[in-house]
Amino acid sequence: MTQGETTLVVENTAIAPVVGPEIANGHLVIEGDRITAVGGGPAPAVPAHARRIDGTGCLATPGLVNTHHHLYQWASQGLAQEATLFEWLVTLYPIWARMDAEIVRGAAGAALAWLAKSGCTTASDHHYIFPRGRGDLFAAEIDAARTVGLRFHPCRGSMDRGRSDGGLPPDEVVESLDDILAETEKAIDAYHDPAPGSMLRVAVAPCSPFSVSTELLTRSAELARDRGVRLHTHLAETLDEEEHCLEQFGVTPVEYLDRLGWLGPDVWLAHAIHLHDADVARLGETGTGVAHCPSSNARLGAGIARVCDLLRAGVPVGLGVDGAASGEMTPLAGEVRMAMLMQRARYGPGALTARQALELGTLGGARCLGRQDEIGSLEVGKLADVALWRIDGFHAAIDDPVCALVYGRTPPLARLLVGGATVVEDDELRTASQDTLGAAGAQAHRRLMRGVR
């Protein structure tokens, strides 16, 4: 929305608000960065200067929420194509150790632009490798998010347990405990904005049980709760991880985090594939969220998460693209479809509906990030984060607009709004040159890979 345009009206559109009844033909009214009206038929009286968007042939949904990503991995796509997770990590750790702030900025810009073009309005990123002397990598991805214009939840990740301490990563890519805590607190001080409508919130995110120490997990939780920010980590992604936890700690991954006081409504976990019934129940009891990444899980042969069981247990479940290096060019809207199909492959055709899958990608993700009161559904008072999908043309052969969005190839975006501001229009990024960002992402890949092949 350009300066002076404080009212925006989207009309003549189908609306899937996620909360409340769907509307076959209706309107949205946006004042500033908030939704002020949602309803059927023509919009109510609005100021003469209001800007109108004709949504004929479109479906309006909440903007999608990406709950788990590794933006820097845009620069390392296409490698270790038949590897398991641990094999893939061992291959890529030495490559990632060479990245610098310029590579991260280029990779993050391309990855975030790609997310925006697939309907994403809020993105979380888990960055956990910080090679020494390579510039401010955390600041680089935040700069990229500001350029693209997405609501951003960067997670200051960390690893302090290298191979010499029984961990998986090589020693050259881990940090000391004291440095991690100091840098994490510095990131919170510099960037975290808890205000309503915030575009930038920081989370504390030790990488995984096989790459961080028990003390780092414990002190990270203390730091996050002292500063009022959220906690995030990878968990139960593979059976290898469970074997590691049983061997080193004598408990399953979920039991390990529970023992350390990590479970709770301020925590969301990436993957959570290999869970026992008691784990599922415990996540539900504590309100701990899960970021489901179906394409990455399939690409690495890690398994299919028990999403239906998690939902029945009351677990907040959102969707994540995961790193581009384990889900090459995966669009976030595609994860809505993939989540539905993978649950049906495991549990049968009635396991997850198109509307439930859409909720995972919107309100479910908002719950994981603690922002369900602000984003994730189209309701009066919520932030105007809206995706307007074209379901005319070939998609018009399907009468059900949500089915048209979820079941097949993702429709093009007519408009993507973040806080009422246009980020994508007619399937093209408007906040920055998508060609320039795409080229910067390719250049980041070339720089990172130089000398490897």
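The values are calculated or read from the model by the stated rules, or taken from the named source; none is laboratory data. The shown structure was predicted, so the numbers you read here are calculated from the model rather than taken from an experiment. Reconstructed Cβ throughout: ideal geometry from the backbone, glycine too, with neighbour counts over all protein chains shown.
Worth a mention:
- The helices (runs of 4 or more DSSP H) found wholly in region 158-255 include none carrying at least 1 residues that are outside the structural domain of R98 (by TED's automatic domain parsing), modelled with pLDDT of 95 or more and surrounded by 21 or more Cβ atoms within 10 Å (Cβ to Cβ).
- Filtering region 286-324 to residues that are outside any loop (DSSP other than H, G, I, E, B) and either under 25 Å from V202 (Cα atoms) or among the aromatic types (F, W, Y) (or both) leaves T286, G289, V290, A291, H292, P294, S296, V317, G318, L319, A324.
- Any hit, region 138-145, residues being surrounded by 15 or more Cβ atoms within 10 Å (Cβ to Cβ) and in a loop (DSSP other than H, G, I, E, B): no
- Residue in region 8-19 that is of a type in the set (S, T, Y), surrounded by 15 or more Cβ atoms within 10 Å (Cβ to Cβ) and touching a Leu at 6+ places or on another chain (Cβ under 8 Å) present: yes
- Residue ID - nearest to the chain's Cα centre (by Cα), chosen from residues in region 326-339 that are in a helix (DSSP H, G or I) and surrounded by fewer than 24 Cβ atoms within 10 Å (Cβ to Cβ): G334
- Number of the exception - I391 against (1) farther than 30 Å from S198 by Cα; (2) free of Cβ contacts under 8 Å to residues at least 24 places away in the same chain; (3) β-branched (V, I, T): (2)
- Sub-8 Å Cβ pairs linking a first residue in region 415-430 that is on the phi > 0 side of the Ramachandran plot to a second residue that is charged (D, E, K, R) and crowded, with 24+ Cβ neighbours inside 10 Å, at least 6 apart or interchain, are G419/R151; G419/D385, ordered by first then second residue.
- Filtered by the rule that a residue be assigned to a loop (DSSP other than H, G, I, E, B) and crowded, with 24+ Cβ neighbours inside 10 Å, region 256-274 gives a lone residue, A272.
- Per-region count, region 1-16, residues farther than 28 Å from F394 by Cα and in a strand (DSSP E or B): 2
- Only listed residue being in the same structural domain as L360 (by TED's automatic domain parsing) and surrounded by fewer than 17 Cβ atoms within 10 Å (Cβ to Cβ), chosen from G78, G149: G78
Condition check ((1) touching a helix residue (DSSP H, G or I) at 6+ places or on another chain (Cβ under 7 Å); (2) of a type outside the set (K, R); (3) at pLDDT 95 or above) across all residues:
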{"residue": "V38", "(1), (2), (3)": "no, yes, yes"}
{"residue": "A45", "(1), (2), (3)": "no, yes, no"}
{"residue": "H49", "(1), (2), (3)": "no, yes, no"}
{"residue": "D54", "(1), (2), (3)": "no, yes, yes"}
{"residue": "G57", "(1), (2), (3)": "no, yes, yes"}
{"residue": "H68", "(1), (2), (3)": "no, yes, yes"}
{"residue": "L71", "(1), (2), (3)": "yes, yes, yes"}
{"residue": "W74", "(1), (2), (3)": "yes, yes, yes"}
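For (1) touching a residue at least 60 places away in the same chain (Cβ under 8 Å); (2) in contact with a helix residue (DSSP H, G or I) (Cβ under 8 Å, 6 or more places away or on another chain); (3) among the acidic types (D, E), each residue gets a yes or a no:
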| site | (1), (2), (3) |
| --- | --- |
| S220 | yes, yes, no |
| A224 | no, no, no |
| T233 | no, yes, no |
| E237 | yes, yes, yes |
| E247 | no, no, yes |
| E255 | no, yes, yes |
| L260 | no, yes, no |
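- The residues of region 340-365 that are buried (at least 24 other Cβ atoms within 10 Å of the Cβ) and either in contact with an Asp or Glu (Cβ under 6 Å, 6 or more places away or on another chain) or among the hydroxyl-bearing types (S, T, Y) (or both) amount to a single one, T362.
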